[in-house]
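Student: First the structure, which I've put down as structure tokens, then a few questions once you've had a look.
No lab work stands behind these numbers, since they all come straight from the coordinates. Computed from a predicted model, the values in this text were never measured in an experiment. Here Cβ is always computed from backbone atoms with ideal geometry, including for glycine, and neighbour counts include all displayed protein chains.
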Amino acid sequence: MALHMNLKEYEEKKKTLRLSCECGWEGNASEAYGELHEAVLDFECPKCNNMLLIVNLIVDPEKYFNWKKKKK
């Protein structure tokens, strides 16, 4: 199961954060496959593509959802 973090947590830990996968791969987030989406940043194992980390990029949910409503 993937680890979940908010953006602040990730920023504080990203230099020392080690990810590991069931397949045996270990490394830091910069060595994993990262993909940026509208509200999250996710990292997959470069060996087997298992999801390892999901970072919630929404700092203020109220502002985000108000922005989404206006965007429609």
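Condition check ((1) exposed (fewer than 11 other Cβ atoms within 10 Å of the Cβ); (2) within 19 Å of residue 4 (Cβ to Cβ)) across all residues:
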| site | (1), (2) |
| --- | --- |
| 28 | no, yes |
| 31 | no, no |
| 37 | yes, yes |
| 50 | no, yes |
| 53 | no, yes |
| 56 | no, yes |
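Student: Please specify each residue of the range 5-21 satisfying the condition of being farther than 17 Å from residue 60 by Cα and surrounded by 11 or more Cβ atoms within 10 Å (Cβ to Cβ).
Tutor: 12, 13, 14, 17, 19, 20, 21 - these are the residues of the range 5-21 that are farther than 17 Å from residue 60 by Cα and surrounded by 11 or more Cβ atoms within 10 Å (Cβ to Cβ).
Student: Would you check which residues across the range 39-48 are closer than 17 Å to residue 59 by Cβ and surrounded by 14 or more Cβ atoms within 10 Å (Cβ to Cβ) and list them?
Tutor: 40, 41
Student: Cβ-Cβ distance below 6 Å, separation of 6 or more or different chains: which pairs start in the range 60-72 with a residue that is free of Cβ contacts under 8 Å to residues at least 40 places away in the same chain and end on one that is surrounded by 10 or more Cβ atoms within 10 Å (Cβ to Cβ)?
Tutor: From residues that are free of Cβ contacts under 8 Å to residues at least 40 places away in the same chain, the pairs are 64/58.
Student: Starting from the range 10-26, keep only residues that are free of Cβ contacts under 8 Å to residues at least 60 places away in the same chain and more than 18 Å from residue 40 (Cα to Cα), then list their pairs with residues that are among the polar types (S, T, N, Q) and part of a loop (DSSP other than H, G, I, E, B) whose Cβ atoms are within a distance under 6 Å, requiring at least 6 positions of separation or different chains.
Tutor: Hits for this filter: 21/50.
Student: Go through the range 1-69 and tell me which strands (runs of 3 or more DSSP E), entirely inside it, have 2 or more residues that are aliphatic (A, V, I, L, M) and in contact with a helix residue (DSSP H, G or I) (Cβ under 7 Å, 6 or more places away or on another chain).
Tutor: 51-56
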